[in-house]
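Reading through the structure tokens given below for one structure.
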Amino acid sequence: MSNKTERLVAAIKNGTVIDHIPAEKTYEVVSLLQLQTLENPVTIGYNYPSSKIGRKGIIKVSDKFFTDEEISRLSVVAPNVVLNIIKDYEVVE
């Protein structure tokens with residue numbers, strides 16, 4: 001894993017990071033996964049530069065791991081997102 005001196009968005013201890021969301025789809029993903037209804041901390045980053053897709057969104061959800069059904073809904077809107085499962089600040093999946 002690369003050692004980044006500066007993170008774009010704060011690290012989370014446990015949870016899920018949804019990365020490489022096309023910027024214009026970021027809030028569609030929030031709505032689709034109903035993140036606005038969660039009690040958990042949710043960090044939404046928008047319009048970050050991306051070498052792969054130009055501009056991207058990133059969403060970090062503390063203490064939440066999505067079901068296969070939620071993930072399959074996500075793939076309809078943004079098929080090329082990267083899902084990282086975080087445990088103890090490390091990407092485990």
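Read-outs throughout are calculated quantities, based only on the coordinates presented, and are distinct from any laboratory measurement. A quick note: this is a predicted structure, and the numbers were derived from the prediction, not measured. Methodologically, a virtual Cβ is constructed for each residue, glycine included, from the backbone with ideal geometry; neighbour enumeration extends over all protein chains shown.
Of all the residues in segment 59-93, those that are β-branched (Val, Ile, Thr) and farther than 16 Å from Val30 by Cα number 4. On the given criteria, is Glu28 among the charged types (D, E, K, R), in a helix (DSSP H, G or I) and in contact (Cβ under 8 Å) with a residue 40 or more places away in the chain? Answer is yes for this residue. Contact annotation: residue pairs with Cβ atoms under 8 Å, 6 or more positions apart or on different chains, pairing a residue in segment 65-88 that is without any contact (Cβ under 8 Å) to a residue 24 or more places away in the chain with a partner that is in a loop (DSSP other than H, G, I, E, B) and not basic (Lys, Arg), are Ser75/Val81. Looking only at segment 9-64, count every residue that is surrounded by 18 or more Cβ atoms within 10 Å (Cβ to Cβ), among the acidic types (Asp, Glu) and touching a helix residue (DSSP H, G or I) at 6+ places or on another chain (Cβ under 9 Å) and tell me the total. Count: 0.
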